[in-house]
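Inspection log for the structure reproduced underneath, given as structure tokens.
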Amino acid sequence: MQAFFSSVEDSMLALYRQAEVVRHSGDRGENREQDLRDFLQKHLPKKYGVTKGEIITQAGKHSHAADIIIYDALNCPVLYSQRTAVLPVEGVYGIIEVKTKLSKSEFQDDIKKIERFKNLAPRDLSVIQTREYSTVHRPTRPFGAIFGYELADNSLNSLLLNYSEECERIHDVNYFTNLVAVLGVGLIHFEKIDWELGEKTLLLDTDEFVNLVLTIEKRRRNNEEIPFMYRLIADAAMDKTFGRFFIYLLLMLERMKLGTPDLGRYFDPSLPLQITRES
């Protein structure tokens, strides 16, 4: 498996270098976005749709044009499906912003885009109905990731510092970027440290992160011992970067449970909630 992903990373970097013959920077960027979209379309489970486009809410708010949107291919209708798709926010797992050369300014810009996208995500209860039961649940918070083909006169550690500063600005972990990867260099993400168990674990899932922060705040208010903490880390994975990025993406996706978009509410907000999910 490591050999497979290492060869994929080599191939993507080779395609990246080949695209240098295209003089227009925007066209080069689109080619590199398409390379990653193509891989995800071929290798993610078929229940996950992969496209480029905008995300819309029932209130008519639009996101920016995201480089890659991963959505529920089984239950999410695509409202517009030309070069740029439009999808209802309830059916979107998350977005990936792709950069040719990841500079500090582009990094900060992508973090802000992900923050604004996450602000669109609904937290209303939705209905799930199967043959055995009917229940309500609160949809999982979406993810946001940044994928770079190359650094731009900076380093993984400098990106770590930039991201730490952005986290202080955003403050609310609901809106943090979940994962950053730069091919051939490494990844940035949060991890949880449990002092009692002596374990360090990935902290990719936004819901888990929010619950951890709330637990820490509650224990602090009650003057209770806090046996765990979280921190932002830089993982210099080198030629293992793409393999880890793909595995981490799968881990995030498999933990998520979305609502089902109700197009009746998009057409007429006064209509009652009607759409349920059948298994």
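Once you charge only the Cβ atoms, +1 for Lys and Arg and -1 for Asp and Glu, what is the size of the charge dipole of the range 66-127 about its Cα centre, to the nearest 20 debye?
Dipole magnitude for the range 66-127 comes out near 220 debye.
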Estimated 222 nm signal from helices in the chain, with DSSP H stretches of n ≥ 4 weighted -39500 (n - 2.57), rounded to 500 | -12000 deg cm²/dmol
May I ask which residue of THR100, SER6, TYR80 lies farthest towards the positive end of the charge dipole of the chain, with charges of +1 (Lys, Arg) and -1 (Asp, Glu) on Cβ and the Cα centre as origin?
-> TYR80
For the range 163-279, what's the radius of gyration and Dmax over Cα atoms, in angstrom?
-> 18.5, 53
Share (percent) of C-alpha pair distances in the range 98-243 greater than 20 Å works out to 55
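Once you charge only the Cβ atoms, +1 for Lys and Arg and -1 for Asp and Glu, what is the size of the charge dipole of the range 62-208 about its Cα centre, to the nearest 20 debye?
Details: 15 positive and 23 negative charges, 100 e Å.
Here the range 62-208 has a charge dipole of around 480 debye.
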How far is it, in nm, from the label point at ASN75 to the one at HIS62 when both lie 7 Å from their Cα along the line to the Cβ?
-> 2.7
Any idea what the relative contact order of the chain is, in percent, if you count C-alpha pairs under 8 Å spaced at least 6 apart?
-> 19
Putting +1 on Lys and Arg Cβ atoms and -1 on Asp and Glu Cβ atoms, find which of PHE147, THR57, VAL213 reaches farthest to the positive end of the dipole of the chain.
-> THR57
Note down the magnitude of the dipole of the chain about its Cα centre, charges +1 on Lys and Arg C-beta and -1 on Asp and Glu C-beta and zero elsewhere, to the nearest 20 debye.
-> 440
Can you check how the C-alpha radius of gyration of the range 31-183 compares to 2.2 N^0.38 Å, as a plain ratio?
-> 1.10
How fast does the chain diffuse by Stokes-Einstein, in µm²/s, taking the Kirkwood radius from C-alpha pairs at 4 °C and 1.567 mPa s?
-> 65
Rg ratio (alpha-carbon, reference 2.2 N^0.38 Å) - the range 53-102 = 1.14
Scoring the range 39-82 by relative contact order with C-alpha pairs under 8 Å, at least six apart, yields a percentage of 37
In the full protein assembly as shown, how much of GLU166 is accessible to a 1.4 Å probe, in Å² to the nearest 10?
-> 10
Could you order peptides 31-42, 192-203 by the average number of other Cβ atoms within 10 Å of their residues, highest first?
-> 31-42, 192-203
Between LYS200 and MET229, what length in nm is gained on full extension when 0.36 nm per residue of separation is reduced by their alpha carbon distance?
-> 9.5 nm
Using a Förster distance of 35 angstrom, determine the FRET efficiency expected from the C-beta separation of SER158 and PHE267, and round it to 0.05.
-> 0.15
Stretchable slack from ASN119 to GLU150, in nm (0.36 nm times residue separation minus alpha-carbon distance) = 8.3 nm
Checked against the positive end of the charge dipole of the chain (+1 on Cβ of Lys and Arg, -1 on Cβ of Asp and Glu, about the Cα centre), the farthest of ILE69, HIS43, GLY259 is GLY259
On full extension of the chain, what length is gained from GLU217 through LYS192, given 0.36 nm per residue of separation minus the C-alpha to C-alpha distance?
-> 7.5 nm
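The values are calculated or read from the model by the stated rules, or taken from the named source; none is laboratory data. These figures come from a predicted structure and were not determined experimentally. Neighbour counts are summed over all protein chains in view; Cβ atoms, including those assigned to glycine, are modelled from backbone coordinates with ideal geometry. Calculation scope for accessible area: heavy atoms of the full protein, side chains included, ligands and nucleic acids excluded. Shrake-Rupley method; radii C 1.70, N 1.55, O 1.52, S 1.80 Å.
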